[in-house]
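For reference, the structure discussed in these notes is given below.
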Amino acid sequence: MEREKKDRLALVLLTACYLKMTTLSFAQVISSQELIKNPKEYAGKRIVYQGEVVGDIMERKEGVWLNLKDGDYALGVFVVKGKLPSIKFLGNYKLTGDFLKVEGIFSAHCLTHGGDMDIHAEKVEVIREGFQKEEEMPLLQKLWVKRLFVSGFFLFLGIILRNFLERKKWKQKLRK
Amino acid sequence: MLIKPKIEDIRLVLYYIGRITVAVGLSLLLPFFTAIFFQEKAPQIDYLFSLGIFLNLGFFLILFFKIEKELRWMHAMVIVSLTWLLMPILGAIPLYLSGHWRSFLDSVFDAMSGFATTGLTLVQDLDHLSMAHQMWRHQMMFIGGQGVIIMALSFLGRGIGGILKIYVGEAREEKIFPNVIETARFIWVVSIFYLILGSLILGGIACLEGISLKRAFFHGLWIFMAAFDTGGFAPHSQNILYYHSFPFELATIFMMFLGLINFNLHYSLWIGKRKEFWRDIEIRTFFFTVIFTFLLVAIGLAKIRVYPEAVALFRKGFYHLISGHTGTGYMTVSPFEFVQAWPGLAMVGVIIAMGLGGAACSTTGGIKALRIGLVFKAFIQDVKQLMLPDNTILVEKFHHIRDLILEDRHVRSAAIIFLAYLMLYVLGAIMGMLCGYPFLESLFESTSAAANVGLSCGITSPAMPTILKLTYIFQMWIGRLEFVAIFTLMGFLIALMRGK
């Protein structure tokens with residue numbers, strides 16, 4: 001009887017722990033697609049999100065804004081001053097930005113930031129440094145550029161020549 | 001009986017298209033120099049290659065199809081509609097070469113969206129797109145907003161007869177000056193003046209909000225181009241949400257509002273006639289429709305407390321309403337939020353706002369405030385007339401540039417276009433539903449495409465069916481040109497096949 005009671009209590013405690021874990025935090029990484037498509041499920045909860053820093057790091061009075069991209073979507077992350085690690089690369093045409101892991105509270109409509117969907121980061125770490133990308137040169141286009149400009153030049157000459165001849169004809173007509 | 005167009009008619013059309021192609025092609029030098037400035041080597045070649053294609057085609061048409069012939073209304077309309085089909089196809093070449101679009105059709109979609117100042121996009125990985133391609137995307141909006149042909153005529157207009165007809169064909173019925181070239185140049189002077197001012201304001205805010213000076217300048221320039229021309233492209237995938245900045249959002253609201261104003265009204269304000277602003281039927285109608293549609297949005301959002309704070313309601317509800325009403329399409333929420341969080345009533349409010357649009361002779365799309373105002377006034381006039389004795393004739397007036405008497409011809413032409421737009425919105429919605437999307441979402445996206453707005457509730461994506469991509473391209477094209485030029489082209493093609 002005593003043992004049964006203990007078992008039941010353990011089961012209740014385990015269930016409560018599980019429920020607390022699933023409603024207040026998500027230990028595994030959640031993608032931006034999941035967050036954007038199911039915001040209600042994660043609103044107000046602690047989540048782990050990771051992505052590449054793209055564009056700019058925007059410093060404001062109260063903290064720093066960055067945008068982290070994973071796959072097709074990007075999410076705004078707000079970091080309180082002093083909590084942002086050193087970021088070397090910001091993603092753009094020439095660079096792949098640093099890859100960050102962020103732990104923080106997700107808001108579907110953040111009240112401190114005018115209803116924006118964002119993450120207020122509590123912990124940020126660089127998990128992979130970015131790098132300079134190599135530009136692929138379009139060799140076929142390069143070859144065709146010369147040909148196109150040569151043919152364009154001759155067509156332009158043709159127009160000038162035709163206009164010149166037309167004007168000459170017109171002047172001759174006027175003289176007659 | 002249909003009269004078959006002659007060879008000379010076709011030659012004349014092709015000759016004009018050639019001249020316009022050269023002018024638009026030369027504008028590719030701007031993204032080319034941007035590529036040089038940012039030392040982006042591959043885009044330099046992309047733009048030289050595209051410039052080569054533009055110039056070759058343009059010179060070819062000028063050289064082999066030149067003809068001295070009077071330009072008739074039919075020619076003008078066919079030139080306009082074909083030009084607006086050809087430019088997005090040619091303009092899509094550098095986009096496609098960048099590798100950021102899944103197919104050539106996707107890049108044509110974006111080029112049409114750019115020229116027609118819509119803002120719907122199928123680009124992939126926008127955050128890593130080169131600065132040169134960003135410049136071209138936003139530049140297409142700036143050219144398209146003022147008018148592709150207006151641009152070509154402003155710079156290459158010497159010696160072109162019948163320009164007025166082409167000008168009208170590009171959905172601009174009103175002239176500011178008696179001379180169309182002067183009107184076109186005034187439109188460019190106003191636009192470039194605001195471009196400098198707006199870029200400095202937006203760039204300044206971006207800089208104060210933490211973006212480096214060089215990048216802030218370009219962001220300011222691009223966002224202004226797309227806001228004033230009510231386009232809606234932005235350099236990052238999150239659109240305006242990228243900036244997380246209330247001042248930046250307020251500035252874009254102001255720029256979008258500038259874009260919706262009739263260029264005639266801009267002229268009146270320039271010469272100091274400030275009272276004109278409040279007297280004009282378009283501005284009055286616009287304020288009335290903004291209040292009405294915002295009520296729908298605000299009640300809808302407040303009812304289920306989507307944004308519990310007034311500031312958030314303003315930044316999300318009002319922002320998207322103005323963005324939709326001006327035909328811009330700037331967003332500070334993800335496209336899916338409209339469907340997930342916004343109630344039907346709020347979505348309907350935005351759909352109505354998108355469908356109504358801004359002022360005539362501006363850079364906006366949609367039915368336009370002037371037409372709404374005229375139809376509404378005619379309705380009031382009819383009701384009033386019923387209340388009066390039978391032998392009384394009621395005269396209704398309205399103010400648009402000058403005092404005018406409301407006549408049947410005004411109402412008729414306004415009502416026809418009004419109806420045509422409604423049909424276009426419904427047609428796109430039906431296509432969306434045929435592709436398996438729900439009614440409200442299909443109507444939202446269809447109205448956004450046809451009224452050249454650019455707000456999306458998530459349907460527009462590279463994965464959407466090809467038939468829907470084609471439908472939206474068609475809607476953007478026909479919506480930008482306001483039907484007449486497109487119908488004339490159809491008539492021209494039918495006459496070519498069946499005429500005698």
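The values are calculated or read from the model by the stated rules, or taken from the named source; none is laboratory data. The structure presented is a predicted model; accordingly, all values stated were derived computationally and were not measured. Don't worry about glycine lacking a Cβ; one is built from the backbone with ideal geometry, like all the others, and counts go over all protein chains shown.
Okay, here's what the table says:
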item	result
Failed item in (1) facing chain A (nearest Cβ under 10 Å); (2) touching a helix residue (DSSP H, G or I) at 6+ places or on another chain (Cβ under 9 Å), with B:Phe37 passing the rest	(1)
B:Tyr330 being under 25 Å from B:Gly458 (Cβ atoms), touching a Lys or Arg at 6+ places or on another chain (Cβ under 7 Å) and not small (Gly, Ala, Ser)	no
Residue in the range B:7-27 that is within 10 Å of chain A (Cβ to nearest Cβ), more than 26 Å from the chain's Cα centre (by Cα) and either within 30 Å of A:Asp72 (Cβ to Cβ) or free of Cβ contacts under 8 Å to residues at least 12 places away in the same chain (or both) present	no
Members of the range B:364-395 found to be within 30 Å of B:Phe439 (Cβ to Cβ) and not in a helix (DSSP H, G or I), listed by number	B:Thr364, B:Gly365, B:Gly366, B:Ile367, B:Lys368
Flag for B:Gly324 being in contact with a Gly (Cβ under 6 Å, 6 or more places away or on another chain) and either crowded, with 24+ Cβ neighbours inside 10 Å or at pLDDT 95 or above (or both)	no
Only listed residue being aromatic (Phe, Trp, Tyr), in contact with a helix residue (DSSP H, G or I) (Cβ under 8 Å, 6 or more places away or on another chain) and closer than 23 Å to B:Phe248 by Cα, chosen from A:Tyr42, A:Tyr49, A:Tyr73, A:Tyr93	A:Tyr73
Sole residue being among the charged types (D, E, K, R) and surrounded by 21 or more Cβ atoms within 10 Å (Cβ to Cβ), chosen from B:Arg371, B:Arg409	B:Arg371
Within the range B:360-409, tally of residues that are more than 27 Å from B:Trp477 (Cα to Cα) and among the polar types (S, T, N, Q)	4
Checking B:Leu97 against (1) within 14 Å of another protein chain (Cβ to nearest Cβ); (2) without any contact (Cβ under 8 Å) to a residue 40 or more places away in the chain; (3) over 26 Å from B:Phe228 (Cβ atoms), the condition it does not meet	(2)
Flag if A:Ile119 is β-branched (Val, Ile, Thr), more than 8 Å from chain B (Cβ to nearest Cβ) and either at positive phi or surrounded by fewer than 16 Cβ atoms within 10 Å (Cβ to Cβ) (or both)	no
Residues that are closer than 20 Å to B:Ser323 by Cα and buried (at least 24 other Cβ atoms within 10 Å of the Cβ), drawn from the range B:94-123	B:Asp110, B:Met112, B:Ser113, B:Gly114, B:Phe115, B:Ala116, B:Thr117, B:Thr118, B:Gly119, B:Leu120, B:Thr121
Identity of the residue in the range A:122-158, touching a strand residue (DSSP E or B) at 6+ places or on another chain (Cβ under 9 Å) and part of a loop (DSSP other than H, G, I, E, B), that ends up nearest to the other protein chains (Cβ to nearest Cβ)	A:Lys133
Which listed residue is under 26 Å from B:Thr121 (Cα atoms) and either at the interface with chain B (Cβ under 9 Å from one of its Cβ atoms) or free of Cβ contacts under 8 Å to residues at least 40 places away in the same chain (or both), from A:Thr112, A:Thr96	A:Thr96
Subset of the range B:1-36 (residues that are over 24 Å from A:Leu155 (Cβ atoms) and of a type in the set (Ser, Thr, Tyr))	B:Thr34
The range B:58-93 - residue that is buried (at least 21 other Cβ atoms within 10 Å of the Cβ), of a type outside the set (A, V, I, L, M) and away from chain A (no Cβ under 14 Å) and, of those, nearest to B:Met131 (Cα to Cα)	B:Gly91
Whichever residue in the range B:212-229 is within 13 Å of another protein chain (Cβ to nearest Cβ) and among the aliphatic types (A, V, I, L, M) and, among such residues, is surrounded by the most Cβ atoms within 10 Å (Cβ to Cβ)	B:Ala216
Residues (basic (Lys, Arg) and over 25 Å from B:His320 (Cα atoms)) located in the range B:270-297	B:Lys273, B:Arg274, B:Lys275, B:Arg279
Members of the range B:57-97 found to be hydroxyl-bearing (Ser, Thr, Tyr) and closer than 22 Å to B:Gly491 by Cβ, listed by number	B:Ser81, B:Thr83
Within the range A:36-62, tally of residues that are within 14 Å of the chain's Cα centre (by Cα) and of a type outside the set (D, E, K, R)	8
Spans of helices (runs of 4 or more DSSP H) in the range B:275-337 with at least 3 residues away from chain A (no Cβ under 11 Å) and within 23 Å of the chain's Cα centre (by Cα)	B:281-303, B:319-325
Within the range A:42-79, tally of residues that are more than 8 Å from every other protein chain (Cβ to nearest Cβ) and of a type in the set (Phe, Trp, Tyr)	2
Residue within the range B:482-490 that is crowded, with 24+ Cβ neighbours inside 10 Å and closer than 20 Å to B:Gln124 by Cα present	no
Residue under evaluation B:Gly479, criteria (1) at pLDDT below 95; (2) out of contact with any Leu (no Cβ under 7 Å at 6 or more places or on another chain); (3) buried (at least 20 other Cβ atoms within 10 Å of the Cβ); (4) not hydrophobic (A, V, I, L, M, F, W, C), criterion not met	(2)
Enumeration of residues in the range B:165-201 that are aromatic (Phe, Trp, Tyr), without any contact (Cβ under 8 Å) to a residue 40 or more places away in the chain, farther than 17 Å from B:Phe254 by Cβ and assigned to a helix (DSSP H, G or I)	B:Tyr167
Hits in the range B:416-454 - residues which are under 20 Å from the mean Cα position of the chain (by Cα), surrounded by fewer than 21 Cβ atoms within 10 Å (Cβ to Cβ) and among the aromatic types (Phe, Trp, Tyr)	B:Phe418
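So that you can scan it fast, the table gives a plain yes or no per residue for (1) more than 14 Å from chain A (Cβ to nearest Cβ); (2) over 27 Å from A:Glu62 (Cα atoms); (3) buried (at least 22 other Cβ atoms within 10 Å of the Cβ); (4) without any contact (Cβ under 8 Å) to a residue 60 or more places away in the chain:
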residue: B:Gly203; (1), (2), (3), (4): no, no, yes, yes
residue: B:Ala206; (1), (2), (3), (4): no, no, yes, yes
residue: B:Gly210; (1), (2), (3), (4): no, no, no, yes
residue: B:Gly231; (1), (2), (3), (4): yes, yes, yes, no
residue: B:His244; (1), (2), (3), (4): no, no, yes, yes
residue: B:Leu269; (1), (2), (3), (4): yes, yes, no, yes
residue: B:Lys273; (1), (2), (3), (4): yes, yes, no, yes
